[in-house]
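Beneath this line is the structure, given in structure tokens, with notes to follow.
Quick note: the coordinates plus some simple rules give every number you see, no bench work behind them. Keep in mind the model is a prediction, meaning the values are calculated, not measured. Here the Cβ positions follow ideal geometry from the backbone for every residue, glycine too, while neighbour counts run over all protein chains shown.
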Amino acid sequence: MSKTLVTTVAAGALLATAIPAMAQDASCPIKVGVLHSLSGTMAISETTLKDTMEMLIAQQNEAGGLLGCELEAVVVDPASDWPLFAEKARELLTVQEVDVIFGSWTSVSRKSVLPVLEELNGLMFYPVQYEGEESSKNVFYTGAAPNQQAIPATDYFLDELGVEKFALLGTDYVYPRTTNNILESYLQDKGIAAEDIFVNYTPFGHSDWSKIVADVVALGADGKKVGVISTINGDANVGFYKELAAAGISADDIPVVAFSVGEEELSGLDTSNLVGHLAAWNYFQSADTAENEAWVAAWKERMGEERVTNDPMEAHYIGFNMWVNAATAAGSTDVDAVRTAMYGQEFPNLTGGTAVMLPNHHLAKPVLIGEIQEDGQFDIISQTDEVPGDAWTDFLPESAVLVSDWQELECGMFNTQTETCVQIKSNY
Amino acid sequence: MILRAVLGLAMLVVATVAAPGLRAQAPEAPIQHLLQEHGEIIAKSSRRTIGPAIEALATSGLPEAQVVLERWQAKEMWFHEETGLFVFAEEVDRSTIKIFDIADGSEIGDVPDDDYKQLKPNSGIRGLIGGALVQFQLSDPNPRNRMRALNAIERRPEAGHLAALRGAMEGEDNPAIAARKARLERLLTMEFDESEEARIAAIEGFAGDLGVDVRAVLNRMVATRRGAAAEAPEGADIARLLTPGSEDLSLADAYGLLVSAELAAPRISRDAKRAALVANIENGSVAGIEVATLGSEGARDLAYAALAEAGVVEPVATEAQVAEALEAHVFFERYVAAPPGVAQAAQVALGAIELRLGLNEAADLALDALSLASIYFLAAIGLAITFGVMRVINMAHGEFIMMGAYTGYVVQLFVSDYTLSILIALPLAFLVTFGAGVAMERLVIRWLYHRPLETLLATFGISIALQQLAKNIFGTQARPLTAPGWLDGSLVFNDVVSISYIRIAIFVLALLFLALFLFVMNRTRLGLEVRAVTQNPRMAASMGINPDRINMLTFGFGSGIAGIAGVAIGLYAKVTSEMGQDYIVQSFMTVVVGGVGNIWGTLLGASLVGLLQKGIEWMNPSNTLAAQTYMILFIILFIQFRPRGIIALKGRAAEA
Amino acid sequence: MSDLAIGAAPRRPFVARHPSVLIFLALLALFTLGVTILAEGFGIGVISTSFVKTLGKTLCLCLVALAMDLVWGYTGILSLGHMAFFGLGGYAIGMWLMYARTELIVIESLSAAPLPPTPDEIRDGIANQIFGVVGASELPPIWAVAHSLPLQLAAVVLVPGLLALVFGWLAFRSRVTGVYLSILTQAMTLGLALWLFQNDSGLRGNNGLSGLQNLPGLGGVPQSTVSMWFFWGSALALGLGYVLCAWVVSGKFGSVIRAIRDDEARVRFLGYPVEAFKLFIFTLSAVIAGIAGALYYPQAGIINPAEVAPIASIYLAVWVAIGGRGRLYGAVIGAALVSLLSTWFTGGQAPDLDLGFYRIQWVDWWTVLLGLSFVAVTLFAPKGIGGLIDLITERRPPDRHGADLGPEPGALREQEADAK
């Protein structure tokens, strides 16, 4: 808490001295675009983030705004319709002339927005864990890259639980596909044979899980400890966990670690039969720090006692505060100036430690592993030091040679083998 | 370590002075002392390094060791962050804990939790602790602790457990536990006994056993390693010979074996070749060949060969050399996990299990298919009435299912007893959707009886309106609908064949509705009138039947059944505003494939769709989406060739 | 068509018989001109580029609605799968756009390498760029001709056309009609969507094809200009499509398909090959839908399987029904009105409606309103919005030329029936 206070005071002090100098280059009010679906299938996840942004902006205005200006949230609804994301992003940047956008949840919506951002040189903060293999000059990725969630969780399976055989279950879309691809390659590097990795993809909202759960149980027949890595998305998890519970699979026999199941998702479930199964995130509501306590209290006060906080909310919290500090440091909300000032920005995590913005537009954040408890919360049983996010994974041969460095190399896709920049703009 | 303990002692003095109200812990107690010796690794809490600490506790002979291990396992042990002293603690509230001495369990008092850190052994460490506790718990008077010990052995069998288990078999009075002990003893004998005969006897004792535990042990024992040699090796431990290029050993793998055994030269990847060429560019050419011409693999091969000739790079194997090397060597698998005799016996036992396993897997698949069929049937039975009998296309049928499910959810909000709430929810869901169905028939459908395509569109409009309405009321997030406790778990025939009780309940419900449908349609006045009205409404009207009333009731009946189906589906899957959409197309397919207007056709249709889907899933287990795609494709083709379904009505009824 | 003309009064020109075509074309030209003047690309910049894109996309939706009207309004086949053809057209053009753009990037990046790239390396590079994101690195066989614009353009027409031809041939041959056909077409689009959703099918699964608004080799041209090109293209396509549809539904051919709609069995007894007529219309409309899709998605920027989900096709039917089926301008009005209204309401611009006890937020309630208005149109105004135009035109004296068609006095005359 005190640290935040110091930062705020410092920012305030900086602000007070800087106001006269920059009154001319920042037009008031400073507009912040919020591009999250408020209707359609993704509304449930994204509406929370819209509320988060509104709360953050209100808090910032109470603390004196930014560069002497009030902040104003410009909220649009892309309605879970991916082409609409591009359209709304263009509208935000050209018609509303916002200075920054906080938005998107699914990978496909991000890919839809990317060309518009790069064409118009916008700036977006993307708050959700994602599959990596992308680096855009105009996007800051405040969610986890695979090496900040999937790889540490797999290490945990290998080292701590002694899992020798893996079932990678996922919903059939890009995040699970790419993540599982990376994991397969990683596991084989670690000496797990290809036949000890079972992969299955199911459609969105899948409900008939009996066969798949039976397949997983059958994996144990050759005497190796089986673990499930789940990238199952959204409400399909309800059926999956129900079937898991019905089959009487305890976390001690076949542990399940999920990358897309957080506090929100568990609220649709009776978790008494799931105690001990795992999830990996960079944030859990149960994190025991003073900052988090204040954050959760502020959220509950604004939104209601029954509401929970989750990982993408923390990502926006860090991203927004970093943007505020970067704009303050740059003395302007100009995209290029803010981008330059972003590198090396530090901000305290809600889970303890400090997040740092790296030149590849990813954060260095700690990785947490939590066990599901009866009350639908997670008991944090493992917390690593800060792991720097990696845009291009080291575990796929094509990507291992690529690095992203927008500060020194000014290239998001630099081939270290040929020492050339493959491309400046993304290929979406 | 000792230094740390001393330091801890000194710190403790400070801590005691700082908090005079608290009774001191006993840092000199032997158990605390022992823990302090391993304090660092215990605090680090990683399965990789924790071994010595658990080992030391387990073998310390201290009477408190068992309690300490148990409470550590239960996440009840904390330590002071400065002194490193361990205590037991209970959380009083978010920031206060009540601590107890670990030596004698006596209460020390309430303290703020800021200075203390909870030990959170992960499930790997908990397993290790469980293993260490086996020796204490196997003969524990409390049967639950004995079961725990057996679980621990089962999860992590060790050679050391065999003697302990044999020692604890005597005097077991609980028959269930005695049986488990006996089985575990045989399993451990199979894997760890010193005498080969005893192991083989144990293996033979398990002939035909389908248990996953048995197969796990057997499979571990028949583990092999691949090898390659110039001559066929002698020895009993050779499991089999492999032919390169066969299904078991690809040519590339075989050559890889040779390379790793240093029996052949490696091949070079395209990238490595390019790197080698790049490294040897001199004045715009490689080995005298101009760089600009190296735009094809053939040219690069030549350049590389030229470099090799010049001795700049290692020569690589050509295709011919690879073939020759593969020809010149034999490939084999060698038993590595057990003596050859035991491994062979295990192999034989596994072979005998194989066939039974296959049969049982087929049975399990059939059960799954049956269950899926009953779910489709349940979802479609309402439609079999509204569409099959009345020929009304109701696109909002899926939303009636959803309404039923939400009714269940709302009932559970008010009635917390799950059994009671389901008993209330089932009839209530029927009433709610019956009402909705009647309202819809009165307000919309009856005006459109002669315009079936318009019915389709109008009911679709209702469908999207209802869906959005549900979103506005209940939100987009899945809502919990929890089955009563007696429906938890599953009916287990053996380790392969099992089915969850909730699915059995759905199956029974589907049968009940089939019976109800048949009874109403064939044995009641209503059914007679319904059939009369659908066959010839004018004639029926002239016989004194009120077709309006009958249509209304029939439609309500079909809708009501959809509501009950909704409760059942919500119990096994999820309750969302979009759940109806998951079933509507499949339900129509089920009815159309089966043959419109015949309940047996619907039953057949559901069975066909369920069986087919599971069959395709079985063939391609890694992609469930593909199964659904091919099933739809199959249905499209099926309808093209048999447009009236499996059971086609003949004669006049078909034209109605 | 010529046999009908024999013995009849001399035929007047096509546009004279169909004044609505001329009116429509004039309005469309006016609209295009207006947008051009107001837009950023070549005009004064009152209309933003994003709105130009919305308008351009709306024109494409009007075109696919025309196709839908052709099959449903005129021929009576309620296809609930026409957006599948629309999507296929989009995928066909999207493949070329992605491939060509990626090829340029790969060649440029490889040209800096010390060795000249081999064809294999270029292909692998492209595959990696396109499929790296979905965890694959090989170009699926389905992309075999993606490098060629003419072939992919042919695919825009051929793929939807062939699918419609095969599907229609199977379905019509088995005499699958009415609601059965509707369900079957819905199954077709569901099957296609599920297939596209799979990563293994080689079209990037759920991610679909993206970045389609960037034309290969034209990176320097601003989107404000590109958007106008596509706007013009869409307007042209809609104009041509309208004339084509009007021509198809006029004359004897048009009479036959309307007769099929009204009573299929009788037309069959009269000796017409009903199946062939239906198949022709079904395939033609699929081709039109494919072309509309190929123009739509480069403006949308991204295509993914959700675009061909069954719901999209049902909305298409909704547009046509609300606009008024069986009349071409009805389809256009319906598509334009409902899709623009949808954008407006779901975009959060519509002001909330305060009822005192409850505040109606249109983001939440628009779909409910749409669904209910759809029921209302079906029940109370089967002619849709186009029916309003009847109120105006029927005030004018009928256009009576040619011989009486029926025995009673006052029966429709030839020209009149022809024009309807």
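Cβ screening of the protein assembly as shown for cysteine pairs under 4.7 Å finds these without a partner: C:Cys60, C:Cys62, C:Cys245. Restricting attention to the protein assembly as shown, close to 65% of DSSP beta bridges with both partner residues there are antiparallel. Convex hull volume of the C-alpha atoms in the protein assembly as shown, normalised per residue: 235 Å³. Projected over all directions and averaged, the alpha-carbon convex hull of chain C occupies 25.8 nm². With r defined as the distance between the Cβ atoms of B:Ser622 and B:Asp104 and R0 fixed at 56 Å, what FRET efficiency is calculated, to the nearest 0.05? My answer for the efficiency is 0.50.
As a rough guide to protection, the peptides C:261-267, A:241-247, C:47-53 ranked by mean Cβ packing within 10 Å, highest first, stand as A:241-247, C:47-53, C:261-267. Its Cα gyration tensor gives the range B:284-338 an equivalent ellipsoid, and the semi-axes of that ellipsoid, as √(5λ) in whole Å with the largest first, are 37, 11, 11.
Its residues counted as N, chain A yields a C-alpha radius of gyration over 2.2 N^0.38 Å of 0.97.
Once the Cα atoms are used to define both axes, helix A:107-120 deviates from the longest principal axis of chain A by about 20 degrees. Only helices reaching 27 angstrom along their own axis (Cα) with mean Kyte-Doolittle hydropathy no lower than 1.6 count here, and for the DSSP H runs of chain B these are B:501-523.
Using Cα springs under 10 Å in a Gaussian network model of chain C, which residue among C:Gly73, C:Gly271, C:Gly168 shows the largest mean-square fluctuation? Answer for the Gaussian network model of chain C: C:Gly271.
Only four residue types carry charge here, +1 at the Cβ of Lys and Arg and -1 at the Cβ of Asp and Glu. Report the dipole size of the protein assembly as shown about the Cα centre in Debye, rounded to the nearest 20.
On the way: 99 positive and 156 negative charges, 1620 e Å.
With Lys and Arg at +1 and Asp and Glu at -1, about 7780 debye.
The distance separating the Cα centre of the range A:154-175 from that of the range B:520-574 comes to 51 Å. Check which residues have an amide H placed less than 5 Å from A:Phe140's amide H, if you skip close sequence neighbours. Placed amide hydrogens put A:Met124, A:Phe125, A:Tyr126 under 5 Å from A:Phe140. The magnitude of the dipole of the range B:138-221, with charges of +1 and -1 set on the Cβ of Lys/Arg and Asp/Glu and taken from the Cα centre, is near 460 debye. Placing R0 at 35 angstrom, the Cβ-Cβ distance between B:Asn522 and B:Ala366 gives a FRET efficiency of 0.70 after rounding to 0.05.
Each of B:Pro547, B:Leu516, B:Ala568 was placed along the dipole of the range B:480-631 (beta-carbon charges, centred on the mean Cα), and the one lying farthest toward the positive end is B:Pro547. For the pair B:Ala541 and B:Arg451, the difference between a 0.36 nm per residue extended length and the Cα-Cα distance amounts to 30.3 nm. If you sort the three axes of the alpha carbon gyration tensor as a ≥ b ≥ c, you get a/c of 1.5 or more for the range A:274-428 and a/b no higher than b/c, which makes it oblate. Annotation: lysines with alpha-carbon distance below 24 angstrom to C:Lys383 (same-chain offsets under eight excluded): C:Lys252, C:Lys278, C:Lys420.
Note on chain B: percent of Cα-Cα distances in each 20 Å bin, starting at 0 and stopping at the bin with the largest distance, equals 13, 26, 30, 25, 5, 0. Per-residue ellipticity at 222 nm computed for the protein assembly as shown from its helices equals -18500 deg cm²/dmol, with DSSP H segments shorter than 4 residues left out and the rest contributing -39,500 (n - 2.57). Helix A:290-303 and the longest principal axis of the Cα set of chain A meet at an angle near 80°. Cα to Cα, under 16 Å, and not fewer than 8 places away if on the same chain: which lysines meet these conditions relative to B:Lys98? B:Lys98 reaches B:Lys75, B:Lys117. Once you reduce the range C:126-174 and the range C:249-305 to the center of their Cα atoms, the two points are 22 Å from each other.
Normalised Debye scattering of the range B:417-466 at q = 0.19, 0.27 Å⁻¹ gives log10 I(q)/I(0) of -0.68, -0.97, counting only Cα atoms as equal scatterers and leaving out solvent.
For a straight C-alpha distance cut-off of 20 angstrom, the lysines reachable from A:Lys190 (same-chain residues fewer than eight places away being disregarded) are A:Lys165, A:Lys224, A:Lys225. Just to confirm the number: angle between the C-alpha axis of helix C:119-131 and the first principal axis of chain C, 0 to 90 degrees, nearest 10? Helix C:119-131 sits at roughly 70 degrees to that axis.
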